[in-house]
Structures are given as C-alpha cells and as structure tokens.
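Peer 1: Below you will find the structure I want to go over with you.
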Amino acid sequence: MSKKYILFVVMLICVLIITGCQKEKTKEVAGGWETVLSNQTQMLDDETLAVFEKATENYNEMDLELVAFLAKQVVSGDNYMFLAKDNGDKNPYKIVVIYKNLQGQVKIIYVNDFDYTEYVNENIKGNAEALSGGWNVVSTGKPIMLDQSIQSAFDKATETLIEISLNPIAVLGKQIVSGTNYAILCYGRITESSLYSIYLITLYEDLNGKAEIVSQAYVNLSDYNK
C-alpha cells in the first residue's frame with residue numbers, strides 16, 4: 001500500500017471526525033434557530049456549586065450539565081433554580097429546581113424544558129416585581145465571557161444604552177438571516193426603575209458589523225417552579 005494512499009485515508013478520517021464534532025455543537029430548532037451548546041458557565045461559589053453537583057450526581061433520568069444559577073427561594077430550607085443542559089435531548093435546556101433541607105440534604109424536585117425560541121424577537125413586558133412565590137433572582141455568578149465575535153457585537157449594541165443594564169449568562173442560540181440573530185440569556189434590568197431580573201435578548205448583527213438589541217423578553221421564572 002503506497003504512502004500517498006495511506007495519507008489520503010488518514011486525512012479522510014480526520015475530516016469525518018471534525019465534521020461529526022461540529023454537528024454535535026448545534027441543534028436545529030423551529031424558525032431557523034440553532035441551539036448553541038456553549039461550554040462556558042457562570043463562576044459560582046462553592047456552596048451553590050455543591051448543591052447542584054450533589055443533587056445531580058445520582059440523577060439517572062438525564063445527564064444534566066450546569067449552565068447558570070438563576071434564583072433562590074427560602075422555604076423550610078432553600079430552593080435553588082438552575083439553568084442546565086441535557087445534550088442528549090432535542091430541547092436541551094432545562095430549568096432545574098433543587099431543594100436543600102435544613103440538614104443539608106438535597107434533591108431535584110422539578111425539571112422543566114426551557115424553550116428559548118418562545119422569547120426571541122418578542123418584547124414581553126415585565127420585571128422582577130412580577131416574580132411570585134418568594135423567589136429572588138440572584139447575581140452570585142460572574143458574567144461569562146462571550147466568544148470574541150459575539151462579545152464585540154454585544155458591546156456595540158449596549159455601549160450607547162443608558163437605562164438598560166445587562167450581563168450575559170449564556171448564549172442559547174443563533175439564527176442566520178441577512179446577518180445573524182443571537183439569543184442571549186441575561187441578568188439585568190431594562191429600565192432604571194425596574195428591578196433586576198432574567199431576560200432573553202435578541203441581538204442582531206448585520207453583514208457590515210452593526211449590532212443592536214432588537215428585543216428584550218422578560219423570563220418569569222415562577223412559570224418553571226412546578
């Protein structure tokens with residue numbers, strides 16, 4: 001067998017492997033959106049991280065990977081609300097509610113699908129005052145660093161905004177149009193008078209690099225506490 005033939009076979013295998021890996025990074029969903037499964041997560045304190053890890057280590061229904069800590073609720077003990085992802089699911093993003101009792105024992109009590117496409121390109125009004133059930137939106141995690149191209153678009157879109165204050169939690173999806181739309185989950189507020197909450201923003205970047213926020217949809221986390 002010639003060296004040229006062996007080299008050709010090796011290169012072909014490499015191409016097939018790379019192509020397969022690229023397909024696993026995104027999932028096609030309705031409306032031309034692709035789910036972006038980023039490996040970036042918030043930097044959390046050890047106590048909060050331990051709650052998630054203890055509750056999920058023996059959870060066999062799905063393989064949950066932490067994305068962000070969203071909210072906390074004081075009960076007889078504490079409820080924690082996380083955004084997680086299950087890479088094996090068609091709808092990979094999940095909102096996971098974990099209960100920690102007064103003795104420090106933890107268990108998952110709810111896992112609900114989070115379909116970000118319900119929020120893209122929609123200006124859904126609301127703020128943290130509407131968050132029922134004693135939940136408090138948290139900001140204990142440091143904002144993630146976005147991929148350089150998305151970070152640049154985000155900075156351009158927000159640099160002139162006065163009332164809006166947004167810190168990115170996760171890039172959930174993208175949509176190729178005449179340019180690109182990005183679905184980004186953020187912690188912040190959309191007016192100076194509103195309380196801090198969770199929003200799904202649609203960030204549009206045109207073919208010339210101009211970027212703007214075209215919608216800010218309020219995510220009522222109480223909808224996922226059941």
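The values are calculated or read from the model by the stated rules, or taken from the named source; none is laboratory data. Because the structure is a prediction, the values reported are computed rather than measured. Positions of Cβ are generated from backbone atoms using ideal geometry, with glycine treated the same way; all protein chains shown enter the neighbour counts. Side chains included, ligands, DNA and RNA excluded: accessible areas come from the protein's heavy atoms. Shrake-Rupley method; radii C 1.70, N 1.55, O 1.52, S 1.80 Å.
Peer 1: Can you work out ³J(HN,Hα) from phi for every residue in the range 153-163, in order, using Karplus 6.51 cos²θ - 1.76 cosθ + 1.60 and θ = phi - 60°, giving whole Hz and x for Gly and Pro?
Peer 2: 5, 4, 5, 5, 6, 10, 5, 9, 7, 9, 7
Peer 1: Taking the Cα centre of the range 53-128 as origin, sum charge times position over the Cβ atoms of Lys and Arg (+1) and Asp and Glu (-1), and report the length of that vector in debye to the nearest 20. Can you show the working numbers first?
Peer 2: Working: 8 positive and 12 negative charges, 71 e Å.
Magnitude of the dipole: close to 340 debye.
Peer 1: So, one more: Treat each spin label as a single point 7 Å out from the Cα along the C-beta direction, and report the Leu102 to Asp147 distance in nm.
Peer 2: If labels sit at Leu102 and Asp147, their model points lie 4.9 nm apart.
Peer 1: Charges at C-beta only: +1 for Lys and Arg, -1 for Asp and Glu. How large is the resulting dipole of the range 160-226 about its Cα centre, in Debye rounded to 20?
Peer 2: Computed about the Cα centre, the dipole is about 200 debye.
Peer 1: Would the range 174-226 count as rounded, prolate or oblate if I go by the C-alpha gyration tensor, calling it rounded below 1.5 in a/c and otherwise prolate when a/b exceeds b/c, oblate otherwise?
Peer 2: On the way: a/c = 4.25, a/b = 1.80, b/c = 2.36.
Oblate, since a/c reaches 1.5 and b/c is not below a/b.
Peer 1: If R0 is 30 Å, what FRET efficiency do you get for Lys90 and Glu192 from their C-beta distance, rounded to 0.05?
Peer 2: Details: r = 40 Å, r/R0 = 1.32.
Using R0 = 30 Å, I get an efficiency of 0.15.
Peer 1: If amide hydrogens are placed 1.01 Å from N in the peptide plane, which non-local residues have theirs closer than 5 Å to the one on Leu70?
Peer 2: Long-range HN contacts for Leu70: Met81, Phe82, Leu83.
Peer 1: Right, another one. In whole Å, what is the distance between the alpha-carbon centres of the range 42-114 and the range 140-188?
Peer 2: Using only Cα atoms to place each centre, the spacing works out to 24 Å.
Peer 1: Give me the net charge of Ile109's neighbourhood, meaning all other residues with Cβ under 15 Å from the Cβ of Ile109; Lys, Arg count +1, Asp, Glu -1. Display every interim value, and only then the final one.
Peer 2: Working: positive: Lys54, Lys72, Lys94, Lys100, Lys107, Lys226; negative: Glu61, Asp78.
Counting the neighbours of Ile109, the net charge comes to +4.
Peer 1: Now a separate question. Along the range 213-224, what does the Karplus equation 6.51 cos²θ - 1.76 cosθ + 1.60 (θ = phi - 60°) give for ³J(HN,Hα), rounded to whole Hz, x for Gly and Pro?
Peer 2: Each residue's phi maps through the Karplus curve to give 8, 9, 7, 9, 9, 6, 9, 7, 5, 4, 5, 9 Hz.
Peer 1: Of Val67, Val214, which has the most accessible area and how do the rest follow, probe 1.4 Å?
Peer 2: Details: Val67 10, Val214 60 Å².
Largest accessible area first, the residues go Val214, Val67.
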